Amino acid sequence: MGSKKIVFSGIQPTGDFHIGNYIGAVKRWVAEQDLYDNIFCVVDLHAITIYQDPKILRGKIRQAAGVLLACGIDPQKSLLFVQSHVPAHAELTWILNCVTPMGWLERMTQYKDKSAKQESVSTGLLDYPVLMAADILLYQTHYVPVGEDQKQHIELTRDVAQRFNSLYGETFTLPEGTIPKIGARIMGLDDPSVKMSKSIASDQKHHAVGLLDSPDQVWAVLKRATTDSGKEIVFSDETGKAGVNNLLTIYQALTGQSQTEIENHFQGKLYGALKREVADVIIETLKPIQERYNALMQDKGALDAILHRAAEQAASRAAPTLQKAKEKVGFVV
Ligand code: ATP
Ligand code: LTN
């Protein structure tokens, strides 16, 4: 473990994980598990920056952890824990808040998008990226595998770390975000002009495919996926072809085939066939994940034990950095 680079990433238990989360983030967490010293977190403190029904949230936190294990996160190789179980995350956030100018946070595009949709915006929503910086910096993280939408937050994390280091002396490693080459931004199946997202999926039935969706549900969404009035099945960055491009990108990310192979395969076929084949590839991918998930959820006690053991280890790994940050700012420790 000692010489491996440290990876940290997180996912919010705000709804049902979708294939965008899988392709943009989780699939790589699993695939690269042997290469790094991995720490993965179900970020429940982030989730409540927008109101969540407490009765539902508790279930979603366990579901999130269960799905990550079912996707292949191996507790022998990676720490998987719940953010609120490790108080150091909230403690370091406070210290970092005090070196983060408000203007940096007001400029974040995710804040602007999400706050525009809220009647009343919490301080937590504005502060969201500082909590994310604390998550990452507590573990002296080298790499942060995320989808493209998180790039700006990782840049902010580096800025906050740099500012702290220059005010108080070297304390935090500057992390790098790693974005996948294929599928960094999977778009909504109903509307390929917006990013596929859990929050939209909870309101719009045909927006996303969830990792726990049945084959019939997958097909019901794919069947209605937005395409265009043409008939060419090709990768394209033209706005008018965004729907077809998105379907091909999902196919490419899940099959690992090249763009040329895929375009040759679909040459002369109709959009109906494209949708059917993308649905089939998704169904095949989800089948083993769902089988493992159903087995894991039979024993919630065992799942909670994995999470609590990992939280203890995470807490002891976070402690030296938190201690150092407290010393640096002048606290009596
Ligand atoms: P919410 O709608 O609640 O903000 P979300 O669907 O955006 O949720 P997050 O929990 O914020 O999901 O993201 C978890 C991980 O999945 C992050 O690394 C994020 O970059 C990635 N991700 C989210 N949506 C997509 C997408 N459409 N395409 C690729 N990666 C994505
Ligand atoms: N903001 C992230 C979730 C997240 C995260 C992190 C990702 C919280 N803390 C630390 C990477 C590293 C999102 O996906 N919306």
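The values are calculated or read from the model by the stated rules, or taken from the named source; none is laboratory data. The structure presented is a predicted model; accordingly, all values stated were derived computationally and were not measured. Methodologically, a virtual Cβ is constructed for each residue, glycine included, from the backbone with ideal geometry; neighbour enumeration extends over all protein chains shown.
Looking at Tyr251, is it more than 25 Å from the chain's Cα centre (by Cα) and among the aromatic types (Phe, Trp, Tyr)? Answer is no for this residue. Of the listed requirements (1) more than 11 Å from ligand 2 (Cβ to nearest atom); (2) closer than 18 Å to Ile182 by Cα, Leu35 misses just one: (2).
For a quick check of your reading: which helices (runs of 4 or more DSSP H) sit entirely within the range 36-98 and have at least 3 residues that are over 14 Å from Asn21 (Cβ atoms) and hydrophobic (A, V, I, L, M, F, W, C)? Qualifying helices (runs of 4 or more DSSP H): 54-71, 88-97.
Among the conditions (1) small (Gly, Ala, Ser); (2) within 14 Å of ligand 2 (Cβ to nearest atom); (3) surrounded by fewer than 22 Cβ atoms within 10 Å (Cβ to Cβ), the only one that Gly72 does not satisfy is (2). Restricting the range 302-333 to residues that are in a helix (DSSP H, G or I) and either over 25 Å from the mean Cα position of the chain (by Cα) or among the aromatic types (Phe, Trp, Tyr) (or both), the residue that is surrounded by the fewest Cβ atoms within 10 Å (Cβ to Cβ) is Pro320. Kindly establish whether Leu105 is buried (at least 17 other Cβ atoms within 10 Å of the Cβ), among the aliphatic types (A, V, I, L, M) and within 12 Å of ligand 2 (Cβ to nearest atom). Here the answer is no, as Leu105 does not meet what is asked. Taking the range 161-177 as the region of interest, how many residues are under 21 Å from the mean Cα position of the chain (by Cα) and either within 12 Å of ligand 1 (Cβ to nearest atom) or aliphatic (A, V, I, L, M) (or both)? Going through the range 161-177 one residue at a time, the tally reaches 2. Across the range 178-206, the number of residues qualifying as more than 8 Å from ligand 1 (Cβ to nearest atom) and either within 19 Å of Gln52 (Cβ to Cβ) or in contact with a Cys (Cβ under 6 Å, 6 or more places away or on another chain) (or both) comes to 3. Sub-6 Å Cβ pairs linking a first residue in the range 48-75 that is within 18 Å of Lys287 (Cβ to Cβ) and at pLDDT 95 or above to a second residue that is outside any loop (DSSP other than H, G, I, E, B) and among the basic types (Lys, Arg), at least 6 apart or interchain, are Ala70/Arg292, ordered by first then second residue.
Going by what's in this entry, would Phe8 be described as within 20 Å of Arg317 (Cα to Cα), within 13 Å of ligand 2 (Cβ to nearest atom) and modelled with pLDDT of 95 or more? Criteria met by Phe8.
Determine whether Lys114 is within 12 Å of ligand 1 (Cβ to nearest atom) and in contact with a Ser or Thr (Cβ under 9 Å, 6 or more places away or on another chain). In short, yes.
Is it true that Leu307 is more than 20 Å from Gly183 (Cβ to Cβ) and in contact with a Phe, Trp or Tyr (Cβ under 6 Å, 6 or more places away or on another chain)? In short, yes.
Tell me whether the range 142-154 contains one or more residues that are more than 10 Å from ligand 2 (Cβ to nearest atom), of a type in the set (Asp, Glu) and closer than 17 Å to Pro175 by Cα. The answer is yes; a qualifying residue exists. Considering only residues that are more than 16 Å from ligand 1 (Cβ to nearest atom), under 19 Å from the mean Cα position of the chain (by Cα) and outside any helix (DSSP H, G or I), look in the range 133-156 and name the one that is farthest from Leu92 (Cα to Cα). Here the residue is His142. Identify all residues within the range 175-185 that are crowded, with 16+ Cβ neighbours inside 10 Å and away from ligand 2 (no atom under 13 Å from the Cβ); write none if there are none. Listed by number, the residues that qualify are Pro180, Gly183. Kindly check whether there is at least one residue in the range 113-125 that is more than 13 Å from ligand 2 (Cβ to nearest atom), assigned to a helix (DSSP H, G or I) and touching a helix residue (DSSP H, G or I) at 6+ places or on another chain (Cβ under 8 Å). Scanning the range 113-125, I find at least one residue that is more than 13 Å from ligand 2 (Cβ to nearest atom), assigned to a helix (DSSP H, G or I) and touching a helix residue (DSSP H, G or I) at 6+ places or on another chain (Cβ under 8 Å), so the answer is yes. Scanning the range 14-42 for residues that are over 13 Å from Ile73 (Cβ atoms), more than 9 Å from ligand 1 (Cβ to nearest atom) and either surrounded by 24 or more Cβ atoms within 10 Å (Cβ to Cβ) or without any contact (Cβ under 8 Å) to a residue 12 or more places away in the chain (or both) yields no hits at all.
Quick check: anything in the range 270-289 loosely packed, with under 12 Cβ neighbours inside 10 Å and over 23 Å from the mean Cα position of the chain (by Cα)? Checked the range 270-289: at least one residue is loosely packed, with under 12 Cβ neighbours inside 10 Å and over 23 Å from the mean Cα position of the chain (by Cα).
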